[in-house]
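Just so it is clear, none of the values below were taken in a lab; they were calculated from the coordinates. What you see is a predicted model; the values in this text were computed from it and never measured. Don't worry about glycine lacking a Cβ; one is built from the backbone with ideal geometry, like all the others, and counts go over all protein chains shown.
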Amino acid sequence: MLKYALFARLEAKPGKEGDVAKFLQTGLELATREAGTPVWFALKLGPTTFGIFDAFADEAGRQAHLTGPIAQALMAQAPTLFSKPPSIERLDVLGAKIPA
């Protein structure tokens, strides 16, 4: 069962919206390589606002993700792509319906 999650809110710099979308699409490939990250979504919340939602079975999976290649790439690209640092929230999953 998924018990832990992360939600990152990303605000694109003016004119960088397309670059942010492409960056997030490449994140999917990296997420599929993370055995401890069974659920990963890249989201467009508005014209300049994007997000990443991912969920984990245990804290170890969440910690591995926070120090893994997606997080490293996100922080490396942050000054170029985002108008402010990414806001990353730790969440507890209360319930989930996902395909088996």
| Sorted from fewest to most neighbouring beta carbons within 10 Å, what does the list Met75, Met1 look like? | Met1, Met75
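Return Asp54, Asp92 ranked ascending by Cβ neighbour count within 10 Å, so the fewest neighbours appear first.
Numbers: Asp54 26, Asp92 7.
With the sparsest Cβ surroundings first, the list reads Asp92, Asp54.
Taking only DSSP H segments of four or more residues, each worth -39500 (n - 2.57), what value at 222 nm results for the chain once the sum is divided by all its residues, to the nearest 500 deg cm²/dmol? Write out the running numbers ahead of the final one.
Values: 3 runs with 37 residues, N = 100.
Taken over the chain, the calculation gives -11500 deg cm²/dmol.
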| query | Which lysines have a Cα less than 24 Å from the Cα of Lys13, not counting those fewer than 8 places away in the same chain? | reply | Lys22, Lys44, Lys84
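Working from the pairwise distances between different alpha carbons, so that the mean of 1/r is found and then inverted, what is the stretch 27-100's Kirkwood radius in Å?
Computed over Cα pairs of the stretch 27-100, the Kirkwood hydrodynamic radius comes out at 13.5 Å.
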| Contact order normalised by residue count of the chain, Cα under 8 Å, 6+ apart, percent | 45
